[in-house]
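Below you'll find the structure, written out as structure tokens, and then a few comments.
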Amino acid sequence: MKYIKKKLTIDRVTIQNIAKKFDTPAYCYSYNQLKKNIDNFKKSFKSFSPLICFAIKSNTNVNLIKEISKFGLGADVVSLGELMKALKAGIKPNKIVFSGVGKTSEEISFAINKKILLINAESKSEILEIERIAKKNKKSVDVGIRFNPNVDAKTLSQISTGKKENKFGIGEKDFLELTKYIKKSKNLNLKCLSVHIGSQILDVKPYENMLQALNKIIKKANYSFEYIDLGGGMGIDYKNDKKMLNLKNYSKNIKRFLKNHNSKIIFEPGRSIVGNIGTLISRVTYIKEGHNKNFIILDVAMNDLMRPALYNSKHRIMPATKIGKKVKKTYEFVGPICESTDKFLTINNFQKLFEKDLIVICDVGAYGMSLSSNYNVRPKPIEILIKNSKIKVINKRQKLTDIV
Ligand SMILES: *Cc1c(COP(=O)(O)O)cnc(C)c1O
């Protein structure tokens, strides 16, 4: 995204142009940025060519997943619906891994029938259920066990998943018992050790600790895993201050780790692939002058983009047209919903805004549209892909008649 002659553009298409054609609010994705992210990800880890399974939950647009699949990526899914979307987007079953603590019998049966690469189990009960279904269908099923390494990801507590108090994964003692159990099973093949310690991780240290914990548990289990699935969680630069996870550094750590283990690495990145490809275009409905600040009431709300309300996360906001003149007021950008958490950002010294002006909310490609809802009976936004300066609608705006 950049300003050309004071007009904000995505791959040379102006925000104004998009808003005029498709109205607001609109999710807009940049194909160029997607390509850059995937190329960079692959390049960073190319010395051990991992299988990269895109975490579908971060963006579930089938047309976008199709583009991602064309780069050779697989999928990490956490529900039957996501598995069906991944298949519909053309991702081959042998590149799909299934994660999650509560897979139902229906979900497990479907996954077994489709012969996906791995079902990563998160409890003894789940292992027993997979075994029961496999036996009933006279099948032999490849599974992984998700290990809980008890590592602090040093990220928001709401998106931390690798500590022993979290519901995810299996602790050391149970892990060792389960490994023994599966080794003897006729219907289960233990293929993978998986972990995922959290999201938006900016520092490589938690990953180092995670790899150390893996080293230990593998030694104790005395088992050679065909796959080691390191999950996702790679943090991106939301603040535009160049602080993001150093992938090359992480890569070096993994290379060192692999000297002792003859395993294929799997990654499950979501945010780092699609986070910064998405922009949410919105129009100012009203400006309400408050005591110390002005409320900029947008036509976009927490139902369209829930991350600020859910995690208190901050997404940068930029004007669609730069006029340069700044005001010494505090602007609070809010949505129209009757909830105090329906707000996006508070900014001092923003440029002067007027009613009907266009603004954009940045870096909403991951956990933006996929977390959206119809709260307040608001239709979900349109989704647009900009590829080679051409605009393509990849998901129509929901019609009010469909939801009323
Ligand atoms: C959410 C999730 C991911 C993706 O996390 P990002 O932070 O978006 O990379 C990967 N694996 C599992 C098991 C997850 O739950």
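Relative to the longest principal axis of the C-alpha atoms of the chain, give the angle of the C-alpha long axis of helix 205-221, reported between 0 and 90° and rounded to the nearest 10°.
On a 0 to 90 degree scale, this one is about 20.
How much length, in nm to one decimal, is gained on full extension between Lys88 and Glu289, taken as 0.36 nm per residue of separation minus their Cα-Cα distance?
67.5 nm is the gain from fully extending Lys88 to Glu289.
Between helix 124-136 and the chain, what is the angle of the helix's C-alpha long axis to the longest principal axis, kept within 0 to 90° and rounded to the nearest 10?
70
Report, by chain and number, residues whose modeled amide H sits under 5 Å from the one on Asp299, excluding near sequence neighbours (fewer than 5 apart, same chain).
Amide H neighbours of Asp299, under 5 Å, 5+ apart: Arg283, Thr285.
Size of the chain along its principal axes in angstrom, Cα-based, largest extent first?
Rounded to whole Å, the extents work out to 69, 44, 40 Å.
For the stretch 260-343, how big is Rg over Rh, using alpha carbon atoms and the Kirkwood form of Rh?
Rounded to two decimals, Rg/Rh equals 1.16.
Which of Lys103/Lys124; Lys43/Lys264; Lys92/Lys114 have a Cα-Cα distance over 20 Å?
none
Would you mind checking the tilt of helix 31-44 against the longest principal axis of the Cα atoms of the chain, expressed as 0 to 90 degrees and rounded to 10?
Once rounded, one gets 40 degrees.
Hey, how many Å between the Cα centroid of the stretch 332-404 and the Cα centroid of the stretch 60-139?
31
Quick note: the coordinates plus some simple rules give every number you see, no bench work behind them. Remember, predicted model here, so these are calculated numbers, not experimental data.
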